[in-house]
């Protein structure tokens, strides 16, 4: 037996199909308008299908069983429709860079977007806040994950400069605002060396300053010094 419920965009029942199948081929089908079984095999088994349909129509048992299944479609479809088709799952995004050829050459940025539903999603690349490419970005095709969520990816080849920011902007029905994922090339090798050197010098300077302050406060007062009220020198140190 095989049955299906065809639903409209609002979740209402459009059509109901029921068939008895032999060797993956529909043999006898149910006509919900006339409440009768009819042969739906017009090949070698047409005679068998006709006799089978007549047999089923001679009793109300199978008609009642199929009508109960059609009523179940009407009753259960709105509940499943709300929890599946009408639900909203927000996407997640991550940018993965990969080098192309030389170290200083172009970089391929891949924006991975996953875990969203419905499948319609729009992904736009931004370079320092400006849209990359044409202004018209229609929804892109998504791949099902098998758990009623979808995934997709969009690539962009760039030659980044220090200070650049590339942003993957994801627009989806579940989001009030676009989801933004940023990527920057980081500091150039020369600038990175300067930052490291400056950090080392700063750490050494702070260390020397701390040692000097410690020795200054630990040094006993000069001979003949009369402590003022509130001095914290230990007794007998003068």
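Bear in mind these aren't lab numbers, they're just calculated from the coordinates by the rules spelled out. From a predicted model like this one, the values you see are computed outputs, not experimental measurements. With ideal geometry, Cβ positions are generated from the backbone for all residues, glycine too; neighbour counts draw on all protein chains shown.
One table, with the values for the structure above:
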read-out: For the stretch 92-183: rounded, prolate or oblate by the Cα gyration tensor [a/c cutoff 1.5]; value: prolate
read-out: Alpha carbon centroid spacing (whole Å) that separates the stretch 1-59 from the stretch 113-177; value: 45
read-out: Share of alpha-carbon pairs per 10 Å distance bin for the stretch 2-83, given as whole %; value: 18, 43, 27, 11, 1
read-out: Förster-model FRET efficiency, 45 Å R0, residue 9 and residue 61, C-beta, rounded to 0.05; value: 0.80
